[in-house]
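J.: Before we start, here is the structure in question, set down as structure tokens.
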Amino acid sequence: MELKTIKKIGVLTSGGDSPGMNAAIRAAVRAGFYYDIEMYGIYRGYEGMINNDIKKLDSGHIAHVLERGGTFLKSARSADFRTVEGRQKAYENLKSHGIDALVVIGGDGSLTGAHLFYKEHGIPAIGLPGTIDNDLSGTDLTIGFDTACNTAIEAIDKIRDTATSHDRLFFVEVMGRDAGFIAINAGIGSAAAAILIPEKKMQIEELVDKLKARRKRKKTSNIVIVAEGGKSGGAAEIAKKVHKFLPFYDTKVTILGHLQRGGAPSSYDRLLASKLGVMAVEGLLAGKYDVMAGIINNKVVYTPIKRAIVDDKTVDEDDFRIAKILST
Ligand code: ATP
């Protein structure tokens, strides 16, 4: 692959926001300045690329953002970028600024867009895994996942207080449309009675038996964690079905929802985002194009985007088994 001269790099955040995106932007921009690169902020993801919402960044833009949740570059989903015409317009805008490479921070959709754009227009791009879902291969954890788990656990701890005081049965829905990573982590970390994830189907009868057995053992609070994309339905649906078998329980449903996306990034997410932001810029300068930077076994690795977005990362069987042992 031909090594291109890179003088101007554009950074964008795209898709669902996640805590640590700001830290990743800051790290990429600081690294760019270190290597005498002009850094540009592309606002609102691919939408800003198409609408020419692009600004040259200086150190003032990235002051005091590391510790803030969300993304100061804003994020968006762009239907136009899925079209050839939209991507052509985006390319022309980048050229008008002289931007010759991209750091794209987002989930599998955003990285797919970066891959396609590179194939079509030859703009080198490095993706960073910015999603609370942890559903990207090529990295042990994604930026924002650790914070989202901490937020979920903190909320479940609070729910447990009321669950225990009233002997209530709670169904708590956490995020995770296709992957149960938040559910399994938050479930183990908060001593859940059961964890329902998209990867495994749990029969209602099995769940009911489990809850009955816990009642016999005089467990005073029962919290069932349900990933939003669960095969047996969402928390409300499952609560309704279970209640028919266990009518004596005061059954409640809490959907944690978007609060899991917000908040200051955890120490792990700050570190992960900072390392990957620097490695994204260094990777581009070293000719690593069309790849995602991630951390595996504590080492930064570059994985071809095509490989990173393959939907093959699932909850570890051991984690599932451990959760089962701990909840009996
Ligand atoms: P999250 O995991 O939080 O949902 P994501 O990056 O997967 O984040 P998507 O909505 O799937 O979120 O993708 C973000 C944007 O990336 C889309 O709005 C679109 O602009 C672009 N994108 C996604 N898939 C493609 C594709 N196949 N071709 C071109 N662009 C795409």
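J.: Hey, could you check region 277-308 for residues that are in contact with a Gly (Cβ under 9 Å, 6 or more places away or on another chain) and assigned to a loop (DSSP other than H, G, I, E, B) and say which is farthest from Tyr118 (Cα to Cα)?
T.: Looking at the filtered set, the residue picked out is Tyr289.
J.: Okay, moving on. Identify, please: which residue in region 83-93 is closer than 24 Å to Lys288 by Cα and surrounded by fewer than 23 Cβ atoms within 10 Å (Cβ to Cβ) and is, among those, farthest from the ligand (Cβ to nearest atom)?
T.: Only one residue fits best here, namely Glu92.
J.: Quick check on my filter: what residues within region 242-275 are loosely packed, with under 15 Cβ neighbours inside 10 Å, charged (D, E, K, R) and either assigned to a helix (DSSP H, G or I) or at pLDDT 95 or above (or both)?
T.: The answer is Lys244, and nothing else.
J.: Among (1) surrounded by 15 or more Cβ atoms within 10 Å (Cβ to Cβ); (2) without any contact (Cβ under 8 Å) to a residue 40 or more places away in the chain, where does Gly294 come up short?
T.: Every listed condition holds for Gly294 apart from (2).
J.: Going through region 37-93 one residue at a time, which ones are of a type in the set (S, T, N, Q), without any contact (Cβ under 8 Å) to a residue 60 or more places away in the chain and in contact with a strand residue (DSSP E or B) (Cβ under 7 Å, 6 or more places away or on another chain)?
T.: Matches in region 37-93: Thr71, Asn93.
J.: Can I ask one more? Suppose we filter Ile123, Ile159, Ile132 for residues that are at pLDDT 95 or above and in a helix (DSSP H, G or I); which single one remains?
T.: The unique qualifying residue is Ile159.
J.: Have a look at His97, His64 and point out the one that is surrounded by fewer than 21 Cβ atoms within 10 Å (Cβ to Cβ), more than 12 Å from the ligand (Cβ to nearest atom) and on the phi > 0 side of the Ramachandran plot.
T.: His64
J.: Still on this structure, please answer the following. Within the group Ala23, Ala79, Ala27, which residue is buried (at least 17 other Cβ atoms within 10 Å of the Cβ), out of contact with any Lys or Arg (no Cβ under 7 Å at 6 or more places or on another chain) and hydrophobic (A, V, I, L, M, F, W, C)?
T.: Only one candidate passes the filter, namely Ala27.
J.: Can you name every residue in region 50-98 that is closer than 20 Å to Asp17 by Cβ, β-branched (Val, Ile, Thr) and in a helix (DSSP H, G or I)?
T.: Across region 50-98, the qualifying residues are Ile50, Ile62.
The values are calculated or read from the model by the stated rules, or taken from the named source; none is laboratory data. Bear in mind the structure is a predicted one, so any value in this text is a computation, not a measurement. FYI the Cβ positions are ideal-geometry reconstructions off the backbone, even for glycines, and counts take in every protein chain you see.
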